[in-house]
Amino acid sequence: MSVPVLSSSASALAQAVEALRDGRLVAFPTETVYGLGADATNPQAVASIFTAKGRPSFNPLIAHVADLDMAERYARFDDRARDLAARHWPGPLTFVLPRREACLIADLATAGLSTIALRVPGHPVAASLLREFGGPIVAPSANRSGAVSPTRPAHVVESLGDRDELALILAAGRTEVGLESTVLDLSEATPLLLRPGAVTREQIEAVLGPIEVAAGTHENAPRSPGLLLKHYAPSATRVRLGALRAEPGEAWLGFGPDPFAGRQAITALNLSERGDLAEAAANLFAMLRTLDDAKHRAIAVAPIPDEGLGVAINDRLARAAHG
Ligand code: TXA
Ligand code: MG
């Protein structure tokens, strides 16, 4: 039997809250991607996230909270984190901070680390859910481990629709940002950008001054165990980056107004014909899913400018290509 997909209403929210209290999972929209949520303080509920996703359990989760006050119950904030939170919360920015001694979030959620990842999501449905639930909700992206993140309710159904752990999906159409949040580690003296996202390095440096950026390949003992290189990979075909045109047998994923580059492709899509990076980010995962088909020898992807949001897009593409 497939899981209920409910468009958000007061009664859908009430059902979601009840499911979370019962230790079950709820998929919900954030402004970045759909999350697979559990009561962060319930170890069994958290464990069922890993079962449902088929995710290696050493991978720590982001705790979603309603506001800064709630966040400060679980982590020790400093001025840097408060300044950034004042500017970017609610929003697609996650902080890794020292976990408080009295933090009630399940150890499994933080993979036994002395730090915790926190964010206040910007989506109104996520905000209502957190307010009504009244506590932290841990949520990775609502897909099977290793697949691209879901940006539409149908992606969640495809990936997890048959899982008993999942009580329901709160549906609110496609997500606006389309890429997972920026992850910034502020647990040590030097800020370290662990995962690029819609809040860019430039925006962070405007507040904090120079920061460090984690190396692009996270194969060797990364400070963030979840940032495995092959994290966002399509499963049925490979990805060829920086392509100037599609070769016969390939699929084409274009960027910008080039009507000819995809001419030889079996299937051709364009991330953004007008060359808009925000539009490209919002389309990226859905288009990768559509083109992820064994009939394509590869997905040839046009070059994406490596600036602003393009850095995050190229990061996800590099991971997809590594698969
Ligand atoms: O946009 C998002 O962030 C989405 C939505 C649902 O909020 N969530 C998401 O979660 O992408 P997930 O689990 O797919 O990615 C969380 C990332 C992982 O790379 C993980 O390693 C890192 O955050 N992370 C979590 N806790 C950490 C910690 N204590 N130290 C370092 N990295 C951590
Ligand atoms: Mg994920």
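The values are calculated or read from the model by the stated rules, or taken from the named source; none is laboratory data. Since we're looking at a predicted model, the values are computed, not measured. Cβ sites come from the backbone with ideal geometry, for glycine too, and all protein chains shown count toward neighbours. Protein only, heavy atoms only, side chains kept; ligands, DNA and RNA dropped before computing areas. Shrake-Rupley method; radii C 1.70, N 1.55, O 1.52, S 1.80 Å.
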So which pairs qualify, if the first residue must be in segment 307-323 and under 25 Å from Ala236 (Cα atoms), the second must be open to solvent by 30 Å² or more (accessible area, probe 1.4 Å) and of a type in the set (Asp, Glu), the Cβ gap must be under 8 Å, and the two must be at least 6 apart or on different chains?
Asn314/Asp306
Thr32 vs (1) in a loop (DSSP other than H, G, I, E, B); (2) more than 16 Å from ligand 2 (Cβ to nearest atom); (3) not aliphatic (A, V, I, L, M): all pass except (2)
Tally the residues that are surrounded by 21 or more Cβ atoms within 10 Å (Cβ to Cβ) and free of Cβ contacts under 8 Å to residues at least 24 places away in the same chain, restricting the search to segment 81-104.
0
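This table checks each residue for (1) assigned to a loop (DSSP other than H, G, I, E, B); (2) within 21 Å of Arg119 (Cβ to Cβ); (3) out of contact with any Leu (no Cβ under 9 Å at 6 or more places or on another chain).
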position	(1), (2), (3)
Gly135	yes, yes, no
Ser145	yes, yes, yes
Ser149	yes, yes, no
Glu158	no, no, yes
Asp162	yes, no, yes
Glu176	yes, yes, yes
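Output the number of residues of segment 142-157 satisfying the condition of being open to solvent by 20 Å² or more (accessible area, probe 1.4 Å) and either in contact (Cβ under 8 Å) with a residue 40 or more places away in the chain or closer than 19 Å to Ala198 by Cα (or both).
7
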Taking the condition touching a residue at least 24 places away in the same chain (Cβ under 8 Å), open to solvent by 40 Å² or more (accessible area, probe 1.4 Å) and either away from ligand 1 (no atom under 12 Å from the Cβ) or of a type outside the set (Asp, Glu) (or both), does Leu130 pass?
no
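Out of all the residues in segment 236-245, is one or more hydroxyl-bearing (Ser, Thr, Tyr), at pLDDT 95 or above and touching a helix residue (DSSP H, G or I) at 6+ places or on another chain (Cβ under 8 Å)? Even if it seems obvious, please write down each step before you answer.
Filtering segment 236-245 for residues hydroxyl-bearing (Ser, Thr, Tyr) gives 237.
Still in the running and at pLDDT 95 or above: none.
No, because not a single residue in segment 236-245 is hydroxyl-bearing (Ser, Thr, Tyr), at pLDDT 95 or above and touching a helix residue (DSSP H, G or I) at 6+ places or on another chain (Cβ under 8 Å).
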